[in-house]
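First up is the structure itself, then whatever we jot down about it.
The values are calculated or read from the model by the stated rules, or taken from the named source; none is laboratory data. Quick caveat: nothing in here was measured; it's all calculated off a predicted structure. Don't worry about glycine lacking a Cβ; one is built from the backbone with ideal geometry, like all the others, and counts go over all protein chains shown. Side chains are part of the model used for accessible areas, which takes the heavy atoms of the whole protein and leaves out ligands, DNA and RNA. Shrake-Rupley method; radii C 1.70, N 1.55, O 1.52, S 1.80 Å.
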Amino acid sequence: MERLSDSTLASADGLESRLPRVSVKPGIVHLGLGAFARAHTAVFTEDAMLASGDFIWGIVGVTQRSDTVVQQLAPQDGLFTVAERGDNSAPLRVISSIVGAVSGRDNPEKVVEHIAAPTTSIVTLTITEKGYRMDPRTGSLNTADGQILSDLAGNPPLTALGQITRGIQQRSRQGWGPLTVVSCDNLPGNGELTGRLVRAFAAALPDDEAAPLLAWIQANVTFPNTMVDRMVPATTPGDLAAVEHQLGLRDEAAVVAEPFMQWVIEDNFAGRRPRWEDAGAVFSADVAAWEAAKLRLLNASHSMLAYLGLATGKATIADAVNEDSFLTACERMMFDDVLPTIHLPAEFDAETYCKQVLGRFANPALGHTTAKVGSDGSQKIGLRLLSTVRENLDAGREPRWATLAVAAWMRHVATTSLEDLNDPLAGELHALLPADHSANAVVPALLACRSIFDDGLAADAGFIQQLKHWYSIIDEHGPEGLRNEILHG
Ligand code: CS2
């Protein structure tokens, strides 16, 4: 079967590239060219270009650790399809906003050059939580990270933070214009955080480099906060075959996604930007509240379903949420534990939001696996669950449901082999695990992980007791016992 490309698409029936490809010029560098970026940022940017007729926002995408996506997109001239799954899905669509793809691992200097280029005004990033190389204890850059140290020493930068900061440095030396760095990851205050990490990287350079660079960043670079939302499972061989059947061409870079997508952005741009609002993005001054609500309601419930599902043999999030006790646990966490602790954005109807989120989880066509959502737990549970736990404990309340999710994560860590535990801290977590995998042994052992739990949480008697309770229910009483405890305990 022929590959999707500009020339094969032109001669195929039916689908076409909506953008006039020869007119599209690069204006954005995107770090982290995974499935989410292709199904979200690339689609919003294409729609903004189509709506405004301003074609200077082509995306140069950069892969981080593996060059697979570059290999997939290169023979396809950057084209790929988005296949929506579920009720109200739009027809299959070819996206053509990616005008170049670079392997950051193999060509870090090219990445720096692209960020420094005078035509680039924006860097967007979807590098996942672990890509930020943050020290969870300080909330700042982990300057003990070997890769960060190597980037600071002046080697071709392999971390996103190194690439961005070196790109800005080159820009400042060449006197090019301002730059806006737009984080699109699920982190509270993602823009502020990125700014803090970039400044920390710059400050750690030798004095004669640090001072002018920090001054230039202060005057020329902004870091708006954003909230992104779209569920994008990993593409399967079956998905690729279905796209091929429909398209009549082979697309190795196809992505599948739910029909829903949302982007809330703070209007804090240092220079020009695409008219993303014409593509449905919302500009808001209250992005931090949007992000907190999304992380602690949607992502926290997603993680809860993933670990409860993994404990009871449910392969997908839809399977997990179809278990009525797990649905109940999510609702109780949202209403009893989360909503009392967050400040909601104006015009945010919590009841409608939670209902819509749970409906989206139940999408039977999406195939979002519990294994995928459950990956990188060490990077996610602090932001999604432990903030809720901490704030309830501080207010004298018992966060029963958020604690269930944390206990289910602990059980997942304790019952998954080191090779199978998909987590950057897998080694550290396994080293902490005792030989005995009972609640009394595992809970204190994992609470000792200071990259996740602070001293206060690790010493809270009520939290420890509740964790042991839920852990032993999952561990000893099986799916029926768990169900009973959630519904009638
Ligand atoms: C998920 C998110 O994998 C995960 O951790 O919770 O990727 C989730 O699908 C998105 O944030 C939805 O916007």
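Out of the residues in the stretch 219-236 that are among the aliphatic types (A, V, I, L, M) and in contact with a Leu (Cβ under 8 Å, 6 or more places away or on another chain), state the one that is nearest to the ligand (Cβ to nearest atom). Full working, then the answer.
Just the residues of the stretch 219-236 that are among the aliphatic types (A, V, I, L, M), to begin with: 219, 221, 227-228, 231-232, 234.
Narrowing the set further to residues that are in contact with a Leu (Cβ under 8 Å, 6 or more places away or on another chain) leaves 221, 231.
On the way: 221: 26, 231: 4 Å.
Taking the candidates together, the pick is 231.
Of all residues in the stretch 237-266, those satisfying the criterion of being within 16 Å of the ligand (Cβ to nearest atom) and open to solvent by 30 Å² or more (accessible area, probe 1.4 Å) are 259, 260, 261, 262. Filtering 232, 228, 221, 256 for residues that are of a type outside the set (Asp, Glu), under 18 Å from the mean Cα position of the chain (by Cα) and over 14 Å from residue 81 (Cα atoms) leaves a single hit, 228. Pairs linking a residue in the stretch 192-207 that is open to solvent by 30 Å² or more (accessible area, probe 1.4 Å) to a residue that is part of a helix (DSSP H, G or I) and of a type outside the set (Asp, Glu), with Cβ atoms under 6 Å and 6 or more positions apart or on different chains, are 203/210; 204/152. Being buried (at least 16 other Cβ atoms within 10 Å of the Cβ) and out of contact with any strand residue (DSSP E or B) (no Cβ under 8 Å at 6 or more places or on another chain): is that true of residue 418 here? Answer is no for this residue.
What number of residues within the stretch 227-236 satisfy the criterion of being open to solvent by 20 Å² or more (accessible area, probe 1.4 Å) and acidic (Asp, Glu)? I'd like the intermediate steps shown before the answer.
To start, the set of residues in the stretch 227-236 that are open to solvent by 20 Å² or more (accessible area, probe 1.4 Å) comprises 234-236.
Those left that are additionally acidic (Asp, Glu): none.
The number of residues fulfilling the criteria is 0.
Only one of 300, 288 is modelled with pLDDT under 95 and closer than 30 Å to residue 400 by Cα; which? Walk me through it before giving the result.
Values: 300 fails: modelled with pLDDT under 95.
Exactly one of 300, 288 is modelled with pLDDT under 95 and closer than 30 Å to residue 400 by Cα, namely 288.
Screening 421, 386 for residues that are within 16 Å of the ligand (Cβ to nearest atom) and assigned to a loop (DSSP other than H, G, I, E, B) leaves exactly one candidate, 421. Of everything in the stretch 170-191, what is open to solvent by 10 Å² or more (accessible area, probe 1.4 Å) and either within 17 Å of the chain's Cα centre (by Cα) or at negative phi (or both)? Give them in sequence order. Once the filter is applied, which keeps residues that are open to solvent by 10 Å² or more (accessible area, probe 1.4 Å) and either within 17 Å of the chain's Cα centre (by Cα) or at negative phi (or both), the stretch 170-191 yields 170, 172, 173, 174, 176, 177, 178, 185, 186, 188, 189.
Can we say residue 29 is more than 25 Å from residue 168 (Cβ to Cβ) and in the same structural domain as residue 251 (by TED's automatic domain parsing)? Against the criterion (more than 25 Å from residue 168 (Cβ to Cβ) and in the same structural domain as residue 251 (by TED's automatic domain parsing)), residue 29 does not qualify. I'd like the full set of residues that are out of contact with any strand residue (DSSP E or B) (no Cβ under 8 Å at 6 or more places or on another chain), open to solvent by 10 Å² or more (accessible area, probe 1.4 Å) and more than 16 Å from the ligand (Cβ to nearest atom), limited to the stretch 281-318. Matches in the stretch 281-318: 285, 286, 288, 311, 312, 313. If you check 99, 82, 60, 24 for being in contact with a His (Cβ under 6 Å, 6 or more places away or on another chain) and either of a type in the set (A, V, I, L, M, F, W, C) or open to solvent by less than 20 Å² (accessible area, probe 1.4 Å) (or both), only one passes: 60.
Among the candidates 439, 448, 402, 407, which residue alone is assigned by TED's automatic domain parsing to the domain that holds residue 309 and surrounded by fewer than 17 Cβ atoms within 10 Å (Cβ to Cβ)?
Step by step, each of 439, 448, 402, 407 is checked, and only 448 is assigned by TED's automatic domain parsing to the domain that holds residue 309 and surrounded by fewer than 17 Cβ atoms within 10 Å (Cβ to Cβ).
A search for C-beta distances below 8 Å between a residue of the stretch 304-318 that is farther than 13 Å from residue 385 by Cβ and polar (S, T, N, Q) and any residue that is within 12 Å of the ligand (Cβ to nearest atom) and open to solvent by 10 Å² or more (accessible area, probe 1.4 Å), counting only pairs 6+ apart in sequence or on different chains, returns 316/366; 316/368; 316/369.
Would a scan of the stretch 436-443 turn up a residue that is part of a loop (DSSP other than H, G, I, E, B), of a type in the set (Gly, Ala, Ser) and touching a residue at least 40 places away in the same chain (Cβ under 8 Å)? No, the conditions are met nowhere in the stretch 436-443.
Pairs under 7 Å by beta carbon, first residue within 20 Å of residue 265 (Cα to Cα) and of a type in the set (Val, Ile, Thr) in the stretch 210-230, partner away from the ligand (no atom under 16 Å from the Cβ) and open to solvent by 10 Å² or more (accessible area, probe 1.4 Å), six or more apart or different chains? These pairs meet every condition: 221/178; 221/270; 222/268; 222/269; 222/270; 226/266.
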